[in-house]
1. If L90 passes every condition in (1) surrounded by 14 or more Cβ atoms within 10 Å (Cβ to Cβ); (2) closer than 26 Å to V175 by Cβ; (3) modelled with pLDDT of 80 or more but one, which one does it miss?
2. Cβ-Cβ below 6 Å, separation at least six or inter-chain, first residue in the stretch 465-486 and free of Cβ contacts under 8 Å to residues at least 24 places away in the same chain, second open to solvent by 20 Å² or more (accessible area, probe 1.4 Å): which pairs?
3. In the stretch 232-252, what residues are of a type outside the set (G, A, S) and under 16 Å from L281 (Cα atoms)?
4. Being within 30 Å of S30 (Cβ to Cβ), over 60 Å from the mean Cα position of the chain (by Cα), hydroxyl-bearing (S, T, Y) and part of a helix (DSSP H, G or I): is that true of S117 here?
5. Which members of the stretch 631-647 meet the condition of being without any contact (Cβ under 8 Å) to a residue 40 or more places away in the chain and either of a type in the set (D, E) or open to solvent by less than 10 Å² (accessible area, probe 1.4 Å) (or both)?
6. So which of E51, E12, E58, E64 ends up being modelled with pLDDT of 80 or more and on the phi < 0 side of the Ramachandran plot?
7. In the stretch 125-142, what residues are free of Cβ contacts under 8 Å to residues at least 40 places away in the same chain, under 18 Å from V153 (Cβ atoms) and small (G, A, S)?
8. Quick check: anything in the stretch 397-406 in contact (Cβ under 8 Å) with a residue 12 or more places away in the chain, under 24 Å from S353 (Cα atoms), surrounded by 18 or more Cβ atoms within 10 Å (Cβ to Cβ) and of a type in the set (V, I, T)?
Amino acid sequence: KRADDFMQLKYEEDKKKEEIFAKRRAESKSAFEIRKAIQKVRIAKEDANWESLKLDLEKVIREELDNTGSIMDQLRGESANELRNVEARLQKQREAAEKKETDKQTVQELERRTTVSELALSNLEEAIAPLNDRSESSIKDVHDNFGDAEKAVQEAQASVTSFNNLLRERGFCIVEWETKQALQAVQRKANEVHGNIQLTVNQAYQARDAGVRCAIAWQRLREIQGIFFKYGSQDMMRKPDVINYAKRELQYNVKEETLNTIWGRLVEAGEPGVKIEAFHLLKAYLGTVRELERDAKRKELRLEKEQAVMNAKATLVQKCKDASKPVEDATDTVMQVEKTVNPLAAKAKVVASHRMIEIADETDKRIESAKEVVNAAREYIENLVDDMDARYRDDFKAFVKVETRNLELQLGRLDTRLIRASNLSQHFRGQLPERQKAELHRLRKAVRNIVRYNMNTREITVDVLFAQFDTDGNGEIDEQEFVSFFDNADKDIDLKDLDEDFNSKDDGTLEGTEMRTVFPSTELLGQAMQEIPAKDCSNLESVGESEEDKVMSSDGLVAPDETVAMIEPAGSKKKISVDDADDVDLEVVESLEFSAETLAKAFRFICEESNRKKSTLSAQDFSHFIRVFFIVVKTTAITDNQSVQDGTPIRRLEVGEVVEVHQGPVLEGSVDVKRVFGRALTDSTEGWITTSGNLGTAFLKEGGSTFKVFKETVMTDGFDLSTSAFQDSTTLRETTRKMNMGETLYLIEWPRKDHASGLVRMKARVKSDGSEGWVTTIGNQGTVYVKQV
């Protein structure tokens, strides 16, 4: 039984193996059929064969693909890829065939256009044939013939252009060998045709130009024949005809010997006259003889002119020498003008404005007069030959021009010097507005010093002083009230004691005032120096006087370079002239007698400086007017007493600090220095300060109250920017004013730091519109908005 079971099991296993082998044989057969169909498709070459093979492959795949078992997907992919590859290859073959056909068509079209070019060349050759005809014709005939040829030229050129355009567009894309060979053959033929066309076109234009020249020659020949037959007869020009022709056409009277010469050379023996064939020789001979005779006349005239110029040379030389006298006079005149204008630059600094106008007008008159003298000298030279022979005037002028060259150069230099003089005069006149403004500033300062002097002597406040000006009590000072105040004001003061500027050179810039000045002689100066005792300088160091400033001579006198002012006794008056002002200092100005007109001018200027539209001063404007600020220019001390010797230093004032002056300057007699009582704006320290030492050293000078905006900022009503009022943007816009770069500000309160914001702010007044408020001078990051000037 075990044997039977074993045999049964073995039989079943063999049967299964047989089934597997049979299945594999069937799969292999199906796969073989499919791959055989794929191979047939792969080698397909034509579209018709391709379609049938494609259908066969699809049929085999439908019938056999399911029997391929595990390689079914692989076979399906192979068939699909092969179908795509074959279809792409056949598509390329179709495109190549199409391109080959297109290239053939292109070559055929190029060949056709070459044929058109050959036909155009033939037409062009026929069209230019009439242009080569040299028979008698006019220029119009030539241009008419060329009109027909020009159309043929255009057609030929158009055919060449058409061929080249097609060749550039398609010819360079041809790569197939046979087609390319055909294209090159067409190109060789076309190049030959096109070269012939270009050559023929050039020949056409050359034939046209030659035809025009020929037509012109024919026209000229007809003109010559017309002239010949006009004066000749029977193809001959006899002697009377030649004489008539020369007289009318050549404006020449033929002499008998000239006719005999012509007949001997141009007329054959036995002939009655000149034939038309020799007419051109006749014309040339007559023209040559005419010019030879004219040359002889010109030579005669030239020799006569040279002799006349030679005879007049001595006279002309003497006239040229005489012409130097007006030139010398003109030079002297210009020198006098230069002596007038050269000092103008210096005078502009010392001469009063009303005198500047007079000087400028007088200088301009002198310059114009000098110009007239120079022009008269130049005109004299130009008219030297007016009385000479008019026939040779141009030659005389040429001779005179050479002889007077140096004089002309001198006159040219005089013109340049006069231009310079005129420029100096104009520059001098241009300084008039600046000078007038400086005078007004100085007049304003003088008036302010007198007002402050009266306020100090009366020991009254600014409000009381304003009330004394404002007599009608309306809160405004008008011009009449301002002028009336000076009727009773004390003006018997030495302005030099109040203002260092009055120690500068001037000729009386305070127009309308009386000035008494002393010019000490050398003898008086020596006596004064002997009478001045040596000063005790032990306390000068406390007021900042340097050691070199305290130098005294060994005998106790002041140093030799110090200036000693002598005061002339009262009652003696001396006016300073312009010339005096160049050599002396204006030391003393006593008892200024201001005229009403001068005071009114000062008042109007003060109102203008206050920028008020109405011509009055308010209490605020008046307060700004009489305020005086000094800036420290050399370290000094502020003391608690007017006397230098009795005073105790409070602190040192550093260079650049600004002091508001309440009283002074006054002369401190013990050490002969000027002192002011004021308040240091940096910390409000009040005390007495020396403005200048007894040797002239300056410690303070007026100024320090003017500032300029260097970077845009804003002006506010209040000092503190951190208040709630300024946090609101609307309120901020309504209470601020934009400060533009370059605007000028006048100091009201010295800059101080706002600790809340870190800004340094000052109260100021804007010069342009009089606005007042607080302005940031230095930002919390160190940015400078406003600087002192």
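The values are calculated or read from the model by the stated rules, or taken from the named source; none is laboratory data. This one's a predicted model, so the numbers in the text were calculated from it and none came from an experiment. Glycine gets a Cβ as well: all are built from the backbone with ideal geometry, and neighbour counts include every protein chain shown. The protein model used for the area step is the full one, side chains on, heavy atoms only, and it has no ligands, DNA or RNA in it. Shrake-Rupley method; radii C 1.70, N 1.55, O 1.52, S 1.80 Å.
1. Against the list (1) surrounded by 14 or more Cβ atoms within 10 Å (Cβ to Cβ); (2) closer than 26 Å to V175 by Cβ; (3) modelled with pLDDT of 80 or more, L90 comes up short only on (3).
2. Here the result reads E481/T471, each pair linking the stretch 465-486 to a residue that is open to solvent by 20 Å² or more (accessible area, probe 1.4 Å).
3. Within the stretch 232-252, the subset of a type outside the set (G, A, S) is 234-245, 247-252.
Scanning the stretch 232-252 gives D235, M236, M237, R238, K239, D241, V242, I243, Y245, E249, L250.
4. Criteria not met by S117.
5. D646
6. Details: E51 fails: modelled with pLDDT of 80 or more; E58 fails: modelled with pLDDT of 80 or more; E64 fails: modelled with pLDDT of 80 or more.
On inspection, the qualifying residue turns out to be E12.
7. Of everything in the stretch 125-142, just one residue is free of Cβ contacts under 8 Å to residues at least 40 places away in the same chain, under 18 Å from V153 (Cβ atoms) and small (G, A, S), namely A129.
8. Taking the stretch 397-406 first, the residues in contact (Cβ under 8 Å) with a residue 12 or more places away in the chain are 397, 399-400, 403-404.
Right, trim to under 24 Å from S353 (Cα atoms) and you get none.
Taking every residue of the stretch 397-406 in turn, none turns out to be in contact (Cβ under 8 Å) with a residue 12 or more places away in the chain, under 24 Å from S353 (Cα atoms), surrounded by 18 or more Cβ atoms within 10 Å (Cβ to Cβ) and of a type in the set (V, I, T).
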